[in-house]
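Below is one structure; the comments refer to it alone.
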Amino acid sequence: MKTFFSTLLLVFFIITISASNLKISEIMSNNVSAVMDESYNYSMWVELYNSGLETENLNSYYFTDDLEQPRKWNPKNEQLAAGQFKILWFEREELSDHSSFKLEPNGGRLYLLDNQANIIDQVRYYKQYRNVSYGRTDDVGDEWAYFTEFSPAASNIGKKAAEEPACQQPQFSQSGGFYNAPVQLTLSSPDTEVEIYYTTDNSEPTAQSNHYTAGQNISLNKTTCIRAIALSDTYLPSPVVTSTYFINERSFTLPVVSLVTEEKNLKDDMIGIYVKGKNGLAGNGTDAANWNQDWDRPTNMELYDTTGVMCINQEIDISISGGWSRAYSQKSLKLSPRNKFGDNRLRYDFFASKPDRKYKDIQLRNSGNDFWSTMMRDALMQSLIIGRMDIDYQAYEPAICFMNGEYYGIQNLRERTNKDYLYSNYGLNEDEFILLDYQTAPNDPEYRSFLNFMKSSNLAMESLYKTAEGWIDIDSYTYYMMAQMYYANTDWPQNNYKVWMKNDGAGKWRWILFDTDFGFSNNQNQNAVTYVLQSSDDKITTPLRRLLTNPNFKSKFLTRYAIHLSSTFESNRVIAFIDSLSAKIHSEMTYHKQKWGGNNFENELNIMKTFARERPGYMMEFLSAYFFQSAPIHDIYILSNNENSTYLFNDDTIKDNSIRMKYFRNQTVEIEASDVPDYRFSHWEVSSVPSDSTLIAS
């Protein structure tokens, strides 16, 4: 028997705390709607106080939350006069004079150090609360308190403080949802010594709002958003509770998203995100407009499924997203949960095609450049490839949006293609990958090295082709290029591409399919083959041109494209998708068009169906002209009496039981039946083979 001894090693750290007149006097991590920064956002903040008699230059000081990284952030070019207070912002590091790290809403430590890494001041803070600050009661001493009367850039002395715990949130006698008659609503709280305040105008409730009297009926005769809070003279405020009551609305066949926020957050000329306003930026095809600003606004989000069951009710940030479509009357919205609201995840399976995902954010999209047309054009193109092509795509679910109780029409729930896409789809954290777009890719060293290799290498040599396989997920890239070319997406490749790679040394570049709204239009005869292969924009097309110099890749590319033009993009299949997707929103489009206007829905669907019918034939002609001097196209009809049959066609997979292949004449064709469990292949029956082609069936 062996005896094991463990040794306990005690390590004592001697921390030097230097005398200084600078004090961390107040912090607020959960700045939901309390104090705006210079960018008109609600950012985390820290207040410094100079208790001395001389001005302090903050160039000589550093903030950190980790003593192993003592110089995390230096507030450069900042002066703090004697006896004065100063606010420093600890969020949005992309802005100048904002910290490179954040405060922790659930508690943490913050240190102020001099340039010798001596601790000047420090605070250990605990769980933080909505719009409540944590500060020194006399600005300089060691007694700290939660302040419901926060005082940025001013003394804390005499300000109203409160104790933990926070009051319990008010309870509603009836839950939010859909009602066919007026509702009599009562409010209550399990806390006996609190006062309840509520609003019906979408504003955040405060002690100046409607005071609720026990037993009072709140009569709701029309769709109304109720917001309530419980307050106490002793304890911290409760969370704000919000519910939407849809009264006598028509029946909805789509999920419903209700967004509730202060009206000023949407419509105010200075801070409203939904208006042109008077405080905007130029860009996205418009003069200065508020909707071009990078602004977040606190909002309550409810999501009801098609049966009326509430699936989400939580506070989030919303912001305007998209490019030129920001100027449209209905705007795309980014929905972002945050720790300051209590949860930084949207814990719901939004998409049947991608179950069991966790989302750091999501989008309500106005369908981009398709807004005036079908509200489903991009969704169609993304849906067609699911289960057929290995492409990183955006899942889709149409929904109805209400904002502050007002109907806003159809808006599509979509994944975003930012860093959070790689978290929800691959479980990757931000430091585990490189994600680039058409603006950042050209200057990224890793991506430039990849492009330089592709440009300079003779990929007809198998050894160099194998090296290329180490750089790029060739199958995924091939599918991505095939899809974009078939779609005739003319807002690409010079625009709207994103590429990513795991940065573990073994990652390969992959592309994300998004924003294809310019495709599937009246341009079914657009020659995407020459458009792409002769493109001057080489940041995304160069790899395909170079790969095509390899004979094996070229053969595989043409075989694969022919297969998918005859299967994935086969006309009847595509039209069935158009019919299926349009059926889900057809009845709602009447109301959506009444709200926002736009083109005739049926006419736009017919445009897409015409594209579906004609595009495969055009693409085969373009491929034949470019690669085979316009060799004739002929049909190869493959059919099995077993519905589970699949095939290898020139070593590439056909996933369907039957297919009427369009293929190039003068080419050898090899067809092999794949194994089917519990069955044994018997034989082929071949009716005819063109004299200028060779068929090998096995």
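The values are calculated or read from the model by the stated rules, or taken from the named source; none is laboratory data. What you see is a predicted model; the values in this text were computed from it and never measured. Note: ideal-geometry Cβ built from the backbone for every residue, glycine included; neighbour counts use all protein chains shown. Ligands, DNA and RNA are excluded from the accessible area calculation, which covers all protein heavy atoms including side chains. Shrake-Rupley method; radii C 1.70, N 1.55, O 1.52, S 1.80 Å.
Observations on the model:
- Between segment 389-439 and segment 580-636, the alpha-carbon center distance in angstrom: 24
- Distance between the modelled labels on SER96 and GLN216, one decimal in nanometres: 5.0 nm (7 Å Cα→Cβ projection).
- Solvent-accessible surface (1.4 angstrom probe) belonging to ILE636, in square angstrom, nearest 10: 30
- Applying 0.36 nm per residue to the separation of GLN208 and ALA460 and subtracting their alpha-carbon distance, the gain on full extension is 83.2 nm.
- Given the choices [x] 1.06; [y] 1.04; [z] 1.00, Rg/Rh (Cα atoms, Kirkwood Rh) derived from the coordinates of this structure is entry [y].
- Cross-link pairs beyond the 21 Å C-alpha cut-off, checked among LYS267/LYS360; LYS267/LYS595; LYS267/LYS334; LYS354/LYS508; LYS354/LYS662; LYS264/LYS331: LYS267/LYS360; LYS354/LYS508; LYS354/LYS662
- Taken as Cα centroids, segment 199-225 and segment 509-540 sit 53 Å apart, rounded to the nearest whole angstrom.
- Within the accessible area of segment 496-627 (1.4 Å probe), percent carbon and sulfur: 46
- Leading residue at positive end of dipole, the chain (Cβ point charges), from ASN527, HIS683, TYR359: HIS683
- Ranking by accessible area, most exposed first, for HIS592, HIS586 with a 1.4 Å probe: HIS586, HIS592
- Computed with a 1.4 Å probe over protein heavy atoms only, the accessible area of LEU95 comes to about 50 Å².
- One chain, two ends: GLU54 and SER674. Fully extended at 0.36 nm per residue, the span grows by 214.8 nm beyond their Cα-Cα distance.
- Calculated FRET efficiency for the pair ASN339/ASP142, C-beta based, R₀ 30 Å, to 0.05: 0.65
- Listed residues ASP305, ASP349 arranged by accessible area, highest first, probe 1.4 Å: ASP349, ASP305
- One decimal place: the segment ASN443-ASN77 gains 128.8 nm when fully extended, by the rule 0.36 nm per residue minus the C-alpha distance.
- For segment 124-152 versus segment 340-360, the gap between their alpha-carbon centres in whole angstrom: 33
- Rel. contact order, % - alpha carbon contacts under 8 angstrom, at least six apart, the chain: 7
- Three-way shape call for segment 555-698 based on the alpha-carbon gyration tensor, with the a/c threshold at 1.5: oblate
- Nearest-10 value in Å² for the accessible area of TRP471, using the 1.4 Å probe: 60
- With every protein chain in place, segment 69-172: carbon and sulfur % of accessible area (1.4 Å): 41
- ASN606/ALA506 FRET efficiency (R0 60 Å; Cβ-Cβ; nearest 0.05): 0.80
- Among beta bridges identified by DSSP and lying wholly in the chain, the antiparallel ones come to about 85 percent.
- Cβ charges +1 (Lys, Arg) and -1 (Asp, Glu), total dipole of the chain, debye: 1420
- The residues of the chain present an accessible area of 45 Å² per residue when probed at 1.4 Å with all protein chains retained.
- Simple rule: put +1 on each Lys or Arg Cβ and -1 on each Asp or Glu Cβ in the chain, find the dipole, and look at SER29, PHE150, MET403; the Cα lying farthest toward the positive end is MET403.
- Of the residues TRP324, TRP89, TRP295, ranked by 1.4 Å probe accessible area with the largest first, the sequence reads TRP324, TRP89, TRP295.
- Of the accessible area of segment 331-475, computed with a 1.4 Å probe over protein heavy atoms only, carbon and sulfur atoms account for 43 percent.
- Each residue, GLN534 and THR186, gets one label point 7 Å from its Cα in the Cβ direction; the gap between the two is 7.8 nm.
- Simple spin-label estimate for GLN168 and GLU263 in nanometres, 7 Å along Cα-Cβ: 3.4
- Placing R0 at 35 angstrom, the Cβ-Cβ distance between ALA631 and THR253 gives a FRET efficiency of 0.10 after rounding to 0.05.
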